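The values are calculated or read from the model by the stated rules, or taken from the named source; none is laboratory data. These figures come from a predicted structure and were not determined experimentally. Virtual Cβ from ideal backbone geometry, glycine too; neighbours counted across all protein chains shown.
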Amino acid sequence: MKIAIYGAGSLGTVLGAFLTKAGLDVDLITRNKQHVEGLLHKGAQITGTMHFTVPVNVLLPEQMRKKYDLIFLLTKQTENESVVRFISNYLSDDGVLFTLQNGLPEDLIGKIIGNDKTFGCTVAWGATLIGNGICELTSDPHHLTFSLGQFGTPDHEKLLRIKETLENMGPVEIAENFIGTRWSKLLINSAFSGMSAVLGCTFGEAAQNKKARLCVQRIIKECIDVAHNARIRIEKVQGKDIVRFFDYHSKLKEKVSNVLIPLAIKKHRLLKASLLQDIEKGKKTEIEFINGIVRDYGIRYTTPTPFNNKVIEIVHKIESGSMQPSFKNLDQFTTLLSR
């Protein structure tokens, strides 16, 4: 297969390095000219929890010429409408677009290119773009997992082909209840990525601070309640039943679930949310495509989401420059926590 990774930032560069190392025909495509220069001259340099360097094929979007059988999409969802229309011109007749974006991006993509060409995936690992061809893998190398699927009637032959491709990096499962898989990742991102952006910290630091952990816990609970009312069955993550551990209806279960939060995120404690990375680069975040989805589903299914709403409010203020990521922002949650 001819493969392209469109939006080769942190995750895309790491994925491209693994696939290239395995001998696959992969083009990494990014608008970041500085990163392109580093990749061209020194290859993809992976640091952090793993260390290796591999020469890669890299292009600017305007240098794309050929058709691809598989395009991995890792750009920000804020640009999805224009980006998907652009890259659809570079899909082969039988080619598919495979989004690794957060949230629920398949709905819009499917409307543009058709559900038959639209596949999605959740990843349970993270990375940080250092720049100049360097990316830091921040997750345990033994837990680089993927869960993939398709809304509507799944094309199992193509899903198996994509599965075989991704297995060059880590374990892959095909999810029958893909909306439930998407929602489990949305829950994690809403809680940990949201608070990481608000506080300016890693997932682990958010879980260790007592007040921040209470906010994480309430965001998780809101996500579970919304999914329940929307009749979405949240899937397990790496074999762990999120609902069983973090849904509570008694004070004792609430205390137990709070204690479990640092343990649940231990393998990914070094992750810094892409939301926070965008803030640090002065870019608009995807907060409306993460916590915003929980808020919107909450409105649709009459389920209150005050903690998700507060995260959205603070992140928008940070984007506008009226606030900064800081643990001082926990004061914004005091009234909600007292209820």
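Among the numbered criteria (1) outside the structural domain of I220 (by TED's automatic domain parsing); (2) more than 26 Å from V26 (Cβ to Cβ); (3) free of Cβ contacts under 8 Å to residues at least 40 places away in the same chain, which single criterion is violated by L104?
(3)
Would you mention how many residues in the range 239-260 are among the β-branched types (V, I, T) and within 17 Å of L186 (Cβ to Cβ)?
2
If I ask for residues that are surrounded by 18 or more Cβ atoms within 10 Å (Cβ to Cβ) and among the aliphatic types (A, V, I, L, M), which ones from the range 310-330 would you list?
Correct list: V311, I312, I314, V315, I318, L330.
Filter the range 199-212 down to the residues that are more than 18 Å from the chain's Cα centre (by Cα) and more than 13 Å from I188 (Cα to Cα), then identify the one that is surrounded by the fewest Cβ atoms within 10 Å (Cβ to Cβ).
Here the residue is K210.
State all residues of the range 140-176 that are among the polar types (S, T, N, Q) and either touching a strand residue (DSSP E or B) at 6+ places or on another chain (Cβ under 6 Å) or outside the structural domain of A124 (by TED's automatic domain parsing) (or both); if no residue qualifies, say none.
S147, Q150
Can you tell me which residue is surrounded by the fewest Cβ atoms within 10 Å (Cβ to Cβ) among those in the range 242-291 that are of a type in the set (A, V, I, L, M, F, W, C) and in a loop (DSSP other than H, G, I, E, B)? Break it down into steps so the answer makes sense when it comes.
First, the residues of the range 242-291 that are of a type in the set (A, V, I, L, M, F, W, C): 242-243, 245-246, 252, 256, 259-261, 263-265, 270-271, 273, 275-276, 279, 287, 289-290.
Right, trim to in a loop (DSSP other than H, G, I, E, B) and you get 265, 270-271, 273, 290.
Values: I265: 21, L270: 18, L271: 23, A273: 29, I290: 30.
Among those residues, the one meeting the criterion is L270.
Could you please find all residues in the range 44-58 being more than 23 Å from the chain's Cα centre (by Cα) and crowded, with 18+ Cβ neighbours inside 10 Å?
V56
Which ranges mark the strands (runs of 3 or more DSSP E) fully within the range 75-171 that have 2 or more residues being under 17 Å from I3 (Cβ atoms), polar (S, T, N, Q) and modelled with pLDDT of 95 or more?
Ranges flagged: 91-99.
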